[in-house]
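Take a look at the structure below.
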Amino acid sequence: MVNRLLTDHRLGLLAITLVAAFLRLWSLETSQYQYDDEMIAVITTRLVRDGVWPPGVPSSPYVMNGPTAPYVMAIPRLFTDSYLGMVTFVSAINVASVPLFYLFVRSVSGVRAGLLAALLLAVNPWLVADSRRLWLNSLVGPTAVLFLWAANWALRSGRLRAWAFAGVSLAISALLHLGDLANVLAALGVVPFIRRVGWSRLVAGMATFALLMSPWVVNSFLPDLRTSGVAENRGGLPYDWSSLDRAALLVTGVGYQALVGQGARIVNAEAPPFRAIDVLARALAAAGWCWLLWRVWVERNRNVARSATFLVSALMVAIPILALQIILNRGIVVPNWWYFFNIVPPLLLGIGDLVTRLPSRIGQAGRAACLLIAGAQLLLAAPFLLTQHEFWPRGFYGVPWKYLDEMVTEVRLRARADDAFVIVGGVEDQDWRQGERITSLVRPDYPRIRNFDGLDGLMLRRDASKLLYVTTNDEHVMTRLLADQIGARQVFEQRLPGSGWTRRIFQATPAMVEQWAGERLDTLTLQPSEGLPAPPDAVSSVQQARGSPTITYTRAQIFRPGVVGEGYQLALQWQFDAEPPEAVMSEYVFVSNGTEVHREQHIAYPAGYWQRGDWLDTQILNVFTLPESFQARGNMSVQIRNFGVISGRPVGEIVTLPLRLRGP
């Protein structure tokens, strides 16, 4: 009885599935929420709540992916609007793909191969880490498994309904990600066996596939293809086969470390013995793919279903590598590792079949190698899971959802209580786009919120009696002004475990900002030569400066080191006098005694983060930190040239502002 239980493949499959579930479902409240996750969540919400059927999901090559991801995510969204609930659903799908993969491999290669392949799929670091979020790539592995299982079922059973479902599974995969269109070409691997498969069965599968694909192809794919420029040769990188290297990377154990940098503090996946184990994994993957081709030939007469399955699997690996290498060398897109998730299941099929069919001693060594690889990858999951609650500004992961949700909840409560206008700093990429995520989550329930890049100052709204500032980086000028200069009241602090990155909420009023600027900056007298009235707070204090027909500068000052921060700093207060036609870039040219001493550029108007009409009640207080080499001497002035970011057209005339040094 005991021996039977120990050798029962069902117990082995149960144990493997439990491992897969633990790795994918552990501490999901720390899963990340970045731009791609938000995009899927928003598209899905519009589908469920507003009935807006998406034509697809945007992609970097400007050709939309298919709509599989939002359609799948609509299932949990019907019952909950919780991000954690939707992520759990995605993770559960990935867990379910493990026993389904076992069933597929077992039907082709036997029980032992099925268990080994399922184990390698269950512990694969790349698939584990990326199944714990909402982006569409988290479904690539499961849809590839579904297609392989359905195709093999159709080939074995010969039933029309099985072939129809194979067509459905192929469409689901192809409509998920552009990279999965390779599966369509790989499916042609059944054509050499058409006489023994039968035309009627193939037509049934093709018909269901075409029926599901045609709306996206006609309404989205073909129009996007014509306008995207994907077919252009943009002169990419030298021919270096980097796509092959990226593809082989997905069977190694460095996935966790590549995604989340803090894991290396506990166990370094790139150090011995893991480096040697990764070489072994790559070698087994390459040998397994070659073995698939050999098995196609060997089984061509004995077992058509098995031979066709092996050919489709081999093509699912080869076609993406070749296609993405061509795309790379045409300069269209860099073949990132997530483009190759689709090839992991067929590679693991090749490994499982290879090590269970080789002669005894060689086969035993191969199976031992598989267990060694799986054990190493399982070990490397420990630092990943133990540090999930931490945030380090490196790697591929963003701020854990737990902390983002806590911050968003706090902002909503305080904004409503004070009827305040919310201004969120930190929209730079190096700040992990934290500000954008906070704003996008708060805005649906509280529209009086805007982003502002707090790196060089802050924004104030004159249409609000109270302001709520959210800072996401203590090194930004916005945080230093609020905490040390203006006298704003800090009401919330969130220190992220790990790096200690701190996010804060401050309460302030427009009058507090105006008072600080009025006491420390010289007020400019603007000559209304462009037909614009002088600002009501302008007084004769310095010398006349010409105003722009779109931007009016009201105050200016240059601070010596130590006033606001280290180094010299240029402080400007300004406002728009009309709706900017596009994002505006400002070039600042510093002149001392008639000689240019420094110049730099900054975005003045981040059009992507504001709404039409915001110019009417918005003022900007910029404090630019100048380089260490900058020295202010003699009579100083700054010339400001404003121009459109996209068009390059001038916005107003060149403005010359006198500068007076302030500080010790």
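The values are calculated or read from the model by the stated rules, or taken from the named source; none is laboratory data. Predicted, not measured: the structure shown is a model, and the values here were computed from it. Areas reflect the complete protein model, heavy atoms only, side chains present, ligands, DNA and RNA absent. Shrake-Rupley method; radii C 1.70, N 1.55, O 1.52, S 1.80 Å.
Under the definition of Cα pairs under 8 Å and six or more residues apart, what whole-number percent is the relative contact order of the chain? Intermediate results must be reported in sequence, preceding the final value.
Values: 1231 pairs, mean separation 70.2, N = 664.
Relative contact order, the chain: 11 percent.
Rounded if a/c is under 1.5, else prolate if a/b beats b/c, else oblate: with a ≥ b ≥ c from the C-alpha gyration tensor eigenvalues square-rooted, which is segment 29-87? All intermediate terms of the calculation are to be shown ahead of the outcome.
On the way: a/c = 2.34, a/b = 1.23, b/c = 1.91.
Taking the square roots of the gyration eigenvalues as a ≥ b ≥ c, segment 29-87 is oblate.
Using only the alpha-carbon atoms of the chain, report the extent along each of the three principal axes, biggest first, to the nearest angstrom.
97, 51, 49
What percentage of all Cα-Cα pairs in segment 71-212 are separated by more than 24 Å? List each step's numbers first, then the result.
Numbers: 3632 of 10011 pairs.
When every Cα pair of segment 71-212 is considered, 36 percent fall beyond 24 Å.
Can you give the relative contact order of segment 88-212 as a percent, counting alpha carbon pairs under 8 Å and 6+ residues apart?
Details: 139 pairs, mean separation 28.7, N = 125.
In percent, rounded to a whole number, it is 23.
Need one value: the accessible area of Ile93 in square angstrom, 1.4 angstrom probe, rounded to the nearest 10.
Looks like 50 Å² after rounding.
Residue-wise, which Karplus ³J(HN,Hα) couplings in Hz belong to segment 479-494, taking 6.51 cos²θ - 1.76 cosθ + 1.60, θ = phi - 60°, and x for glycine or proline?
Residue by residue, segment 479-494 yields 5, 5, 4, 5, 7, 10, 10, 7, x, 5, 9, 6, 10, 7, 9, 10 Hz.
At 1.4 Å probe size, what's the solvent-accessible area of Ser499? Round to the nearest 10 Å².
50 Å²
Using alpha-carbon positions, what is the distance between the centroids of segment 296-310 and segment 627-664, in Å?
When both Cα centres are located, 73 Å separates them.
Could you tell me, in Å, what Rg and Dmax come out for the Cα atoms of segment 108-186?
Rg then Dmax for segment 108-186, in Å: 13.8, 37.
Might you tell me the accessible area per residue for the chain, computed with a 1.4 Å probe and given in Å²?
On the way: 27980 Å² over 664 residues.
Roughly 42 Å² per residue, with all protein chains present.
Tell me, what % of the accessible area of the chain is carbon and sulfur with a 1.4 angstrom probe? Walk me through the intermediate numbers first.
Values: 16510 of 27980 Å².
The computed percentage sits at 59.
Protein chains only, probe 1.4 Å: how do Trp163, Trp294 rank by accessible area, largest first?
Values: Trp163 20, Trp294 135 Å².
Descending order: Trp294, Trp163.
Scan around Leu659 for amide H atoms under 5 Å from its own, H built in the peptide plane at 1.01 Å from N, and keep only partners 5 or more places away or cross-chain.
Met636, Ser637, Val638
How high is the relative contact order of segment 459-503, in percent, with contacts defined as C-alpha pairs under 8 Å that are six or more residues apart? Please list the in-between numbers first.
Values: 27 pairs, mean separation 15.5, N = 45.
In percent, rounded to a whole number, it is 34.
Is any helix in the chain, taking whole DSSP H runs, at least 24 angstrom long along its axis by alpha carbon and on average at least 0.0 on the Kyte-Doolittle scale, and which ones?
Values: long enough: 83-109 (39 Å, 1.43); 140-157 (25 Å, 0.92); 199-216 (26 Å, 0.94); 274-298 (35 Å, 1.10); 304-329 (37 Å, 1.84); 360-386 (39 Å, 1.26); 401-418 (25 Å, -0.71).
For the chain, where a helix must reach 24 Å along its axis and average at least 0.0, the hits are 83-109, 140-157, 199-216, 274-298, 304-329, 360-386.
Let me cross-check Thr479: its accessible surface, 1.4 Å probe, with only protein heavy atoms counted, in Å² to the nearest 10?
Surface accessible to solvent at Thr479 totals approximately 10 Å².
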